[in-house]
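One structure is given here, and the rest of the page talks about it.
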Amino acid sequence: MSKAFDSLKVYLDRAMAMKAAMVLFEWDDATLAPKAAGELTGNVIGILSGEYFQAVNNEAVKKLVEECREDDSLDEAEAAQVREISRELEKLDCIPQEEYQAFARLSAEAVRIWTEAKEKDDFELFAPTLKKVVEYQKKFAGYRAKDGQKKYDVMLDDYEPGFNMELLDRFFDTVKAEIVPLLKAVEESRVKLRDDFLTGDFTDEQQEQIGRFMAEYVGFDFNKGVMAVSAHPFTTNLHNKDVRITTHYNERLDSSLFSIIHESGHALYEMGIRDDLTQTMVGEGASMGMHESQSRFFENIIGRSRGFWVPIYEKLQEAFPENLQDIGLDMFVNAVNKAVPGFIRTEADELTYSLHVLIRYELEKQLIEGDLEVEALPEAWADKYEEYLGVRPETMREGVLQDIHWSQGSFGYFPSYALGSAFGAQLYYHMKKEMDFEGLLEDGKLEVIREYLREHIHQYGKLKDSRRILMDTTGEDFNPEYFVKYLKEKYEKLYQLNEK
Ligand code: ZN
């Protein structure tokens, strides 16, 4: 047992406790807190985040981290925590404190202005602030860049360690070359899928009841988690015995249904993290992309497959008799897989989703590394939508102002969303070789699939990065071909593209 690590752990435990408190307030804010609470609770969160910053970023911690880095008696989990905290400190150390704080203020302001601009559908209101945000982010990335590293690569590495433009260009080029024509073929197909029966006048209670059943069915453990309602569905975790998901209810029965399966996928990841890692700096999912791979795996690869619904479709029919009584299983499964190009990323189907992300990736790259000016964004955005998705947004709200990410300075975040689907597809083809995947779904034996994911992915938390996980699990580094293969097989069949 290392003395330096024991001393360091006291600071880290304190930091993690602050973080848990902040997370709980954020959860509360989005679900149950009264409307008027916002500002004063904001003060509490502000103080807690200052305490967190202090607990992590001080001279004693820096000294202990140095000692621990020299210490080869640390076990794997301890060494990983030291690596993680070093990374955090390094990030903070590169950036002058005044600039860091100035950016924090700017970003809070930027989110407010973005919200207003979106409401008023006025990009020019947001543009000057966005310009400043971009400048800060470029400056910070410049401080942090190592040996000629490109600025956008620094940003990308924050969200998906091990991924840079070289690798992502290959991924998105594949997506562009294969999925854009696939979507065109789908649109020209004579097969028209019905989905009108998914819309209706449902009560929240009706949806909640079946939603809770679905969460449990995929493995969400209500002894270690809760489900609530919020404007946008999300998952939050305090530790592996307290993981919380939210959903929203509207006139589409599949909306809350699949959002619950999606968030349950995130939750299963967090619930599956090893006990010795939870409540430490490596006690959460490996990366953004790996997290999305698990949520999308459950939502799409499992949840939108025919096999998944075989044992439980009757139950769904009973929950929504007026809509589903006369709708057979196949018709239902086809409906929840219908592809329709639209403007809004968060509402996109499985086929078009990655194209929304491709557009953001290309624009960010040009904004950070190329010569695209903030003022020219709306036009560039609309042009790309027209080119890849065949639709041109008429409003800013449906176009360049739809996502919050840029106002927060989160450049480099978007690719993880698409990587998640691609990781999932790679895992899927490997798992099919190891088990009778479809058969397990049809028999309702999801625990076999869940256990496999826990054993190979969930338990490790941040001990491995996403590429390591893929390598160790599938025997292959990240390979975008599986994603394309998956979508092609699925949509060619669904829209009978090979039958002339
Ligand atoms: Zn998600």
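What the table shows:
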item	result
Among residues of region 235-281, those that are within 15 Å of the ligand (Cβ to nearest atom), in contact with a strand residue (DSSP E or B) (Cβ under 8 Å, 6 or more places away or on another chain), of a type outside the set (Asp, Glu) and open to solvent by 10 Å² or more (accessible area, probe 1.4 Å), counted	7
Enumeration of residues in region 489-498 that are assigned to a helix (DSSP H, G or I) and surrounded by 15 or more Cβ atoms within 10 Å (Cβ to Cβ)	Lys490, Tyr491, Glu492, Leu494
Any hit, region 459-474, residues being open to solvent by 10 Å² or more (accessible area, probe 1.4 Å), within 24 Å of Asp221 (Cβ to Cβ), part of a loop (DSSP other than H, G, I, E, B) and small (Gly, Ala, Ser)	no
Residues of region 282-310 classified as over 19 Å from Leu440 (Cβ atoms), more than 16 Å from the ligand (Cβ to nearest atom) and touching a helix residue (DSSP H, G or I) at 6+ places or on another chain (Cβ under 7 Å), total	1
Residue within region 19-34 that is surrounded by 15 or more Cβ atoms within 10 Å (Cβ to Cβ) and either of a type in the set (Ser, Thr, Tyr) or touching a Cys at 6+ places or on another chain (Cβ under 6 Å) (or both) present	yes
Any hit, region 216-229, residues being within 16 Å of the ligand (Cβ to nearest atom), at pLDDT 95 or above, closer than 22 Å to Gly424 by Cβ and touching a Leu at 6+ places or on another chain (Cβ under 8 Å)	yes
Among (1) in contact with a helix residue (DSSP H, G or I) (Cβ under 8 Å, 6 or more places away or on another chain); (2) in contact (Cβ under 8 Å) with a residue 24 or more places away in the chain - the single one Tyr313 does not satisfy	(2)
Wholly enclosed strands (runs of 3 or more DSSP E) of region 211-264 bearing at least 3 residues touching a residue at least 60 places away in the same chain (Cβ under 8 Å)	235-239
Which listed residue is in contact (Cβ under 8 Å) with a residue 12 or more places away in the chain, more than 16 Å from the ligand (Cβ to nearest atom) and more than 23 Å from Ala348 (Cα to Cα), from Phe320, Phe332	Phe320
Selection from region 139-174 of residues that are outside any helix (DSSP H, G or I) and not aliphatic (A, V, I, L, M)	Lys146, Asp147, Gly148, Gln149, Lys150, Glu160, Pro161, Gly162, Phe163, Asn164
Output for region 29-51, where each listed residue is touching a residue at least 12 places away in the same chain (Cβ under 8 Å) and either at positive phi or of a type outside the set (Gly, Ala, Ser) (or both)	Asp29, Thr31, Leu32, Thr41, Val44, Ile45, Leu48, Glu51
Test: residue in region 52-59 that is free of Cβ contacts under 8 Å to residues at least 40 places away in the same chain and open to solvent by 70 Å² or more (accessible area, probe 1.4 Å)	yes
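Rundown of residues vs (1) away from the ligand (no atom under 16 Å from the Cβ); (2) in a loop (DSSP other than H, G, I, E, B); (3) modelled with pLDDT of 95 or more, yes/no style:
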site	(1), (2), (3)
Trp406	yes, no, yes
Gly412	yes, yes, yes
Ala418	no, no, yes
Ser421	no, no, yes
Gly424	no, no, yes
Lys432	yes, no, yes
Glu438	yes, no, yes
Leu441	yes, no, yes
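The values are calculated or read from the model by the stated rules, or taken from the named source; none is laboratory data. Every value quoted in this text rests on a predicted model; they were computed, and no experiment measured them. Virtual Cβ from ideal backbone geometry, glycine too; neighbours counted across all protein chains shown. Side chains included, ligands, DNA and RNA excluded: accessible areas come from the protein's heavy atoms. Shrake-Rupley method; radii C 1.70, N 1.55, O 1.52, S 1.80 Å.
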